[in-house]
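The values are calculated or read from the model by the stated rules, or taken from the named source; none is laboratory data. For clarity, every value in this text was computed on a predicted model and none was experimentally measured. Here the Cβ positions follow ideal geometry from the backbone for every residue, glycine too, while neighbour counts run over all protein chains shown.
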Amino acid sequence: MTTRTAGAALAAGIAVTLSVTAGAPALARPQAADGRQATVSVLHGVPGLTVDVYAGDKELLPDFKPGTLTDPMKLDAGSYDIKVFKSGEGPDGTPAIEKTVDVPAGANATLVAHLTADGKPALDAFVNDTSKVPAGKARLTVRHVAAAPAVDVRAGQKPVFKGLTNPKEATAEVAAGTVSADVVLTGTDKVAIGPADLNLAEGTNTVVYAWGSAADKNLALKTQTITGMHSAPGGVPAGETGQAAAHNESLPLGALSLGAVSVLGITGLLLRLRSSAR
């Protein structure tokens, strides 16, 4: 199954490591809000766990591998109940994660299955900022979804975001161009990740995810670019308006020490999550 096909399948049941309340209906079918839709991408950021995604007893996404970011997909607004199993163990086994996800109409969001700071599987929803970017500027968003401590994110060795923790997010508007970024342990100059060159094109939102586990030395970097946010007389629009283009290269960071790019603090449109532990 290609990433695009996987993304389309996942749209029907939106998620990737999650599940629903014990005793709840197997699948709550989405109730569209006046026929409106959301744009949703999904990142699998749980290392070493290939999963099968189910909606109730229906398999939606087999063999979904770590490090995969789906293409953006259109999804009816509504509530989705999802179960995620270790590959080959569903639908009668015990889910790795369960969660009910509410998707509001009009949102551009990324769902991320990842590890918490203490290494437990989790699902978080991030609303992507698709508002206009001033001419000559780019938006940089950093999301910490790794089992790793608080960090500072630097550009050109100058701190841009400080004290970021899992699962936090931080965003800034910066001059468009190529920037050398790295991550240091908070309050120190000890580089944990990088440096890495980021191409921040005018009128885009470049989202950087750090995922994996510092303890297991499998930290990796994933980037997502959302285009079409130029401000007049900014520039020529590039790509599909408000759509996310996944950069499929993962940068292995296992040799680099503890740490991870941090961030989540959804502002603007809120993607509500209702979850309950089994």
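Condition check ((1) among the basic types (Lys, Arg); (2) touching a Gly at 6+ places or on another chain (Cβ under 8 Å)) across all residues:
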{"site": "Pro72", "(1), (2)": "no, yes"}
{"site": "Lys86", "(1), (2)": "yes, yes"}
{"site": "Glu98", "(1), (2)": "no, no"}
{"site": "Thr110", "(1), (2)": "no, no"}
{"site": "Lys120", "(1), (2)": "yes, no"}
{"site": "Pro149", "(1), (2)": "no, yes"}
{"site": "Leu164", "(1), (2)": "no, no"}
{"site": "Pro167", "(1), (2)": "no, no"}
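Please work out which residue is surrounded by the most Cβ atoms within 10 Å (Cβ to Cβ), limiting yourself to segment 69-94 and to residues that are of a type in the set (D, E, K, R), in a loop (DSSP other than H, G, I, E, B) and free of Cβ contacts under 8 Å to residues at least 60 places away in the same chain. Working first, answer last.
Taking segment 69-94 and keeping what is of a type in the set (D, E, K, R), we get 71, 74, 76, 81, 83, 86, 89, 92.
Restricting the remaining residues to those that are in a loop (DSSP other than H, G, I, E, B) gives 71, 89, 92.
With free of Cβ contacts under 8 Å to residues at least 60 places away in the same chain added as a condition, the list becomes 89, 92.
Values: Glu89: 13, Asp92: 7.
Residue satisfying both the conditions and the ranking: Glu89.
Can you name every residue in segment 58-80 that is over 19 Å from the mean Cα position of the chain (by Cα) and of a type in the set (Asp, Glu)?
Across segment 58-80, the qualifying residues are Glu59, Asp76.
For segment 221-247, which positions are on the phi > 0 side of the Ramachandran plot, out of contact with any Pro (no Cβ under 6 Å at 6 or more places or on another chain) and at pLDDT 85 or above?
Of everything in segment 221-247, nothing turns out to be on the phi > 0 side of the Ramachandran plot, out of contact with any Pro (no Cβ under 6 Å at 6 or more places or on another chain) and at pLDDT 85 or above.
State the number of residues belonging to segment 109-153 that are within 21 Å of Thr206 (Cα to Cα), in a loop (DSSP other than H, G, I, E, B) and among the acidic types (Asp, Glu).
1
Looking only at segment 180-220, which residues are over 11 Å from Arg154 (Cα atoms), modelled with pLDDT of 85 or more, touching a Pro at 6+ places or on another chain (Cβ under 8 Å) and not in a loop (DSSP other than H, G, I, E, B)?
Result: Trp211, Gly212, Ser213.
Quick one: which of Pro121, Pro134 is within 23 Å of Ala210 (Cβ to Cβ) and touching a residue at least 40 places away in the same chain (Cβ under 8 Å)?
Values: Pro134 fails: within 23 Å of Ala210 (Cβ to Cβ).
Going through Pro121, Pro134 in turn, the sole match is Pro121.
What is the number of the single condition among (1) closer than 26 Å to Asp216 by Cα; (2) modelled with pLDDT of 85 or more; (3) crowded, with 21+ Cβ neighbours inside 10 Å; (4) not aromatic (Phe, Trp, Tyr) that Asn108 does not meet?
Of everything listed in (1) closer than 26 Å to Asp216 by Cα; (2) modelled with pLDDT of 85 or more; (3) crowded, with 21+ Cβ neighbours inside 10 Å; (4) not aromatic (Phe, Trp, Tyr), Asn108 misses just condition (1).
Only residues that are in a strand (DSSP E or B), more than 19 Å from the chain's Cα centre (by Cα) and more than 17 Å from Leu221 (Cβ to Cβ): list them for segment 154-179, please.
At the first step, the residues of segment 154-179 found to be in a strand (DSSP E or B) are 154-155, 158-164, 169-175, 177-179.
The next check asks that each one be more than 19 Å from the chain's Cα centre (by Cα); those that pass are 154-155, 158-160, 162-163, 173-175, 177-179.
Listed by number, the residues that qualify are Lys158, Pro159, Lys162, Gly163, Glu173, Val174, Ala175, Gly177.
Could you please find all residues in segment 45-68 being of a type in the set (Gly, Ala, Ser) and surrounded by fewer than 21 Cβ atoms within 10 Å (Cβ to Cβ)? Break it down into steps so the answer makes sense when it comes.
If we filter segment 45-68 for residues that are of a type in the set (Gly, Ala, Ser), which is where we start, we get 45, 48, 55-56, 67.
Result: Gly48, Gly56, Gly67.
State which residue pairs qualify: first residue farther than 22 Å from Arg143 by Cα and inside segment 41-68, second residue small (Gly, Ala, Ser) and assigned to a strand (DSSP E or B) in any location, beta carbons under 9 Å apart, and separation of 6 or more residues or different chains.
Once the first residue is farther than 22 Å from Arg143 by Cα and sits in segment 41-68, its partners that are small (Gly, Ala, Ser) and assigned to a strand (DSSP E or B) give Val51/Ala113.
Inside segment 154-175, can you point out the residues that are closer than 28 Å to Leu111 by Cβ and small (Gly, Ala, Ser)?
Result: Ala155, Gly163, Ala170, Ala172.
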